[in-house]
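Inspection log for the structure reproduced underneath, given as structure tokens.
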Amino acid sequence: MVLIPSISNTLTPTSPVLRIFTKNLHLRFLILLFAFCSFQLLIAQEDFLAQQYFNDGDFEKAVVFYEKLVKKSPRRTDYGEGLISCYQQLERYEDAEKYLLKQLANKNAYPTFYIELGYNYTLQNTANKATAYYEQAVQKINENPNFGYALGLRFQKYALLDYSAKAFLKAMELNPQLDYNFQLARIYGEQGEIKKMYSSYLRLISEGRVSKSRVLRNIDDFVNADSENENNILLKKTLLENAQKNPDPLWNELLSWLFVRQKQYGSAFRQEKAIYKRTDGATIQRLNALAISSLEGEDNETAKDTYQFIVENAFDEVIKLNAQLDFIEIELAESDEKNYENIQKKYVELMAVHGYENQTVQLQVDYANFLTFKKNTPEPAIEILKKSLDLPLNNRGNAFVKMALADILVFDKKFNQALIYYSQIQKKLKNDVLGQNARYKVAQTSFYKGDFDWALTQLKVLRSSTSQLIANDAMQLSLLISDNSLEDSTQTALKKFARADLLAYQNKNQDAMQVLDDILQNHKGEKIEDEALLKQGKLLEKKKDYEAAKFNYKKITEFYANGILADDAHFALGELYRTKLNEPENAMSAYEKIIYDYQDSYFFPQARRYFRELRGDAIN
């Protein structure tokens, strides 16, 4: 009898048959995987090229790739929509219609294709056909209310606002759990129904369905800084109506926001006081923010009133102290030397109350700066800050005090001591902005000393600083040193400029002006001339001699239009016209020059913002 072995006996783990079978299976799997990956890679490449050509406006090439993509992935609606857009851009409306009709023949067709077909007829000025398909799209919501969102947005994309509102409303009617009121509010705004838009947005906020910040971003497009603007008046009226019906602090918050937008900081302060008094557990944060906004808007009186309110109402002693220090800072900006004795008394009283504590370091630094830069008495200031360094401060607190101390030592011409402190900060906080700022001050102090080579060494590192301000300052100081060292091997003019810069730092402005005059008279035509003009212009502004400052800035823009300080001079002119001379048209011209001719300037974002504000644009 012949025995036939069973399969189970022959296909053992070590069986040659099983090994061959397994090997073939693995090979087939790898081939399939490779083919699949290659196919996906090809689609990804074609997708990229289709979008690239479309974005470049090369629709003839884009349509070729979209036709391939649609053929390979017929269920991808984004490819289909890309193909339709290409056809329409090329005015191949019949091809677009043919494709869309084919899609709609499918019972599971995506309903937005009805809108696409309708819009295709709109482009051909066949309104009746277009309307028929738009209505069919809306009727599709009866089958599934969830279609309402996509259809509403698609109608909105083509500015078919009435249909968009109709789609959102119908969907919510069929399914009350759906909420498209935010989208409807935006549509009302686009339709010019501002009152209806405000009411819708405010209802959404009051019901807690949308965040206040999200709504304000949308409303901001409809209001501006002009309190007489029709939309501003309407919003104020709507908010007051709501406040009368329901005395909720929310309406005070929104009124405060509007008043700040209109630069009516005193009115905003009245709202903020009401919010603070009527809200349980209210914080000082909103009032602090208002004080800062008031200062930026040059309304010092409201800022002082706000800080005084914080002092009288805050429970936290450190918050009170910070408000008192901010109040004194405003007083200092408004005062002359006659009032310095009164201000010093305030500092002395605060020091007597708070003494030397970790939480009161800001007081010690502010008082030391006052004694140095206002009273010209650095010795007691140095003693105060050295005593502060004995406190158990963390690394940043210690660096903060050391930075202030080093600044005062520079004022006192004790450069080597200052450099030690700056270097300690730099090593301790190497990758921190505070550490980078310390490195810049090492360079600046070396510049004051006349050690230009060491200053350049530090500045080269800082030109790639993460802080744009430090990088910009480093680049300018670096170019100042290198340009004027090449032109004049004795560095005579550069040494004079360094001396003038130090005198200005020490608030010896008249002495600094004399040195700058010497440079302008004896170094005419040298590269340092524009630096001297700009520095002198800033000092003239401090003297409130705005016409003389304007002359300096204009001289730079005319004779050094291609120099590194041309954008600085244009921006300085813009600020002078905007903030001091009340000449908005001239300010706009100065900012516009930066926008069009100096797009890589550090001042570009600010120039663009101020230009748009002066033009009356809505600024988010």
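The values are calculated or read from the model by the stated rules, or taken from the named source; none is laboratory data. Since the structure is predicted, the reported quantities are computational estimates derived from the model, not experimental observations. Glycine also receives a Cβ, built like all others from the backbone with ideal geometry; neighbour counts cover every protein chain displayed. In case anyone asks, the SASA skips ligands and DNA or RNA and just uses the protein heavy atoms, side chains included. Shrake-Rupley method; radii C 1.70, N 1.55, O 1.52, S 1.80 Å.
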> Can you give the three extents of the C-alpha atoms in the range 227-296 along their principal axes, from longest to shortest, in whole Å?
Replying inline: 33, 32, 12
>> On C-alpha positions alone, give me the angle between the axis of helix 395-411 and the longest principal axis of the chain, in degrees, nearest 10.
In response: 40 degrees
> Where the convex hull is taken over the Cα atoms of the range 73-135, what is its projected area averaged over directions, in nm²?
Replying inline: 3.9 nm²
>> Which three extents, in angstrom, do the Cα atoms of the range 263-378 have along their principal axes, listed largest first?
In response: 45, 30, 18
>> Just to confirm the number: angle between the C-alpha axis of helix 433-449 and the first principal axis of the chain, 0 to 90 degrees, nearest 10?
In response: 40 degrees
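Could the peptides 287-293, 310-316, 583-589 be put in order, highest first, of the mean number of other beta-carbon atoms found within 10 Å of their residues?
With the highest mean Cβ count within 10 Å placed first, the list reads 287-293, 583-589, 310-316.
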>> Over the Cα atoms, compute the radius of gyration (one decimal) and Dmax (the largest Cα-Cα distance, rounded to a whole number) for the range 346-475, in Å.
In response: 15.2, 47
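What GluC sites (Glu not before Pro) does the range 188-275 have in DSSP loop regions with at most 13 other beta carbons within 10 Å?
Glu207, Glu228
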> Which percent of the accessible area of the range 314-434 is formed by carbon and sulfur heavy atoms (probe 1.4 angstrom)?
Replying inline: 48 percent
> Under the Kirkwood approximation applied to all pairs of distinct alpha-carbon atoms, what is the hydrodynamic radius of the range 474-620 in Å?
Replying inline: 15.9 Å
> Between Rg and the Kirkwood Rh of the chain, both from Cα atoms, what is the Rg to Rh ratio?
Replying inline: 1.11
> Roughly how compact is the range 91-213, stated as its Cα Rg over 2.2 N^0.38 Å to two decimals?
Replying inline: 1.17
> Got a number for carbon plus sulfur as a percent of the range 135-291's accessible area, 1.4 Å probe?
Replying inline: 47 percent
>> Rounded, prolate or oblate, given the Cα gyration tensor of the range 534-604, with a/c below 1.5 counting as rounded?
In response: oblate
> Just going by the charge dipole of the chain, with Lys and Arg at +1 and Asp and Glu at -1 on Cβ, which of Ile328, Val515, Val461 is farthest out on the positive end?
Replying inline: Val461
>> Quick check: convex hull over the Cα atoms of the range 439-494, volume per residue in Å³, rounded to an integer?
In response: 65 Å³
>> So with the 1.4 Å probe, I'd like the accessible area per residue for the chain, rounded to whole Å².
In response: 54 Å²
> Tally Lys/Arg at +1 and Asp/Glu at -1 over every other residue whose Cβ is under 13 Å from the Cβ of Ala289; what's the total?
Replying inline: -3
>> Within the range 532-620, what whole-number % of the accessible surface is contributed by carbon and sulfur, with the 1.4 Å probe and all protein chains included in the calculation?
In response: 46 percent
